[in-house]
Amino acid sequence: MDLLKEKDATIFYMKFLKTILVTKDLKETLRMAQELGIDYTSVELLKMLRDLIKAYTQETSLPLEANNNIYEYLNLCRFSFDDTHSERVELCNEIIALLNVSKGKPPYPLYPSMINSYFENFMERIHHHVLYAVNPESEELLLSSVAELEYLILFLHSTLIDDEEFAFDISEDLVLSLEYLLATNHLLREDPTLLRDKLYLSRLRYILKNNDLLLQEYQGKPDDDCIFELDDEDEAIIKDKKFWKLHTKIKKKVEKNT
């Protein structure tokens, strides 16, 4: 993915904006975005957010937490500059007006729609809808983590990060990660052209390979090619059959395009 191209950049920034809706820690999300060099106060990004909020609030209202995230984000955008009559401020006020007018409309099922989008298997969907009904906070945390990883994956698998940095500084947080696999599977279903992106594929293969090598290490067959080590917290995911089923599914897609 080339984030300097308009199409790819639009997909990337739309993923970023959806992260703002569901993040459980907006300050940390924006801190990380700033660290990555993302200008989250730009006029063009606010225009995209306005169009997104228009779609969500035409007939429905967003959940309270999503609204609060947007209000907080817009206040940062409005008051980060001295010019109080700029196009940026006007856009912020327009988005706030859309949110205010939508109050009282039927709620948009934000998290149930994410469950339907992330989980392909019907029974798995039902399972996660039940989990959401029983323990919404836990399920929301999983879904928000996956959503945030989507935009990060597009960034970390792009030319903006070099191979050495990815291998030695970044990939450790992605191996043996169910959230990474869920986000990756969703991205590949939404945009199959990623399977023709050599850089994206090479980094995805690197994560999948090290998942396999860590499984081998757990089984008592360590491989010198693996630069990571297992710790006690990894045992649960190593034993998770759903993790390996999704891992194998993605691996087959990758092998088909290698």
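The values are calculated or read from the model by the stated rules, or taken from the named source; none is laboratory data. It should be emphasised that the depicted structure is a prediction, and the values quoted were computed from it without experimental measurement. Because the Cβ atoms are built from the backbone with ideal geometry, glycine has one as well, and the counts that use them run over all protein chains shown. Keep in mind that these areas ignore ligands, DNA and RNA; they rest on the heavy atoms of the full protein, side chains included. Shrake-Rupley method; radii C 1.70, N 1.55, O 1.52, S 1.80 Å.
Numerical summary
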| item | result |
| --- | --- |
| Separation in nanometres of the label points that stand 7 Å from Cα toward Cβ, at Glu59 and Val43 | 3.4 |
| Rounded to the nearest 10 Å², the accessible area of Ile227 at probe 1.4 Å | 80 |
| Summed side-chain charge close to Ser158 - residues other than Ser158 whose Cβ falls under 14 Å, Lys, Arg +1, Asp, Glu -1 | -3 |
| FRET efficiency, 1/(1 + (r/R0)^6) with R0 41 Å, evaluated for Lys198 and Asn75 via beta carbons | 0.50 |
| Carbon/sulfur fraction of accessible area - the chain, other protein chains in place, 1.4 Å, % | 52 |
| Percentage relative contact order, the chain, counting C-alpha pairs under 8 Å, at least six apart | 20 |
| Cα-based Rg and Dmax for segment 175-250, where Dmax is the largest Cα-Cα distance (Å) | 13.0, 38 |
| Charge tally in the Cβ shell below 14 Å around Lys27, where Lys, Arg are +1 and Asp, Glu are -1, Lys27 excluded | -3 |
| Dimensionless Rg over Rh [segment 110-191; C-alpha; Kirkwood] | 1.04 |
| Accessible area in the full protein assembly, largest first, 1.4 Å probe, for Glu148, Glu6 | Glu6, Glu148 |
| Value of [θ]222 nm, deg cm²/dmol, for the chain, DSSP H segments ≥ 4, -39500 (n - 2.57) each, nearest 500 | -21500 deg cm²/dmol |
| Positive minus negative residues near Glu44 (Lys, Arg vs Asp, Glu; Cβ under 12 Å) | -1 |
| His157 long-range amide H proximity, modeled H, under 5 Å | none |
| Relative contact order %, segment 9-91, counting alpha carbon pairs below 8 Å whose residues are six or more apart | 39 |
| 5 angstrom amide H check on Ser61, placed H, neighbours 5+ away | Tyr108 |
| Leu36, Leu74, ranked by accessible area, largest first (probe 1.4 Å) | Leu36, Leu74 |
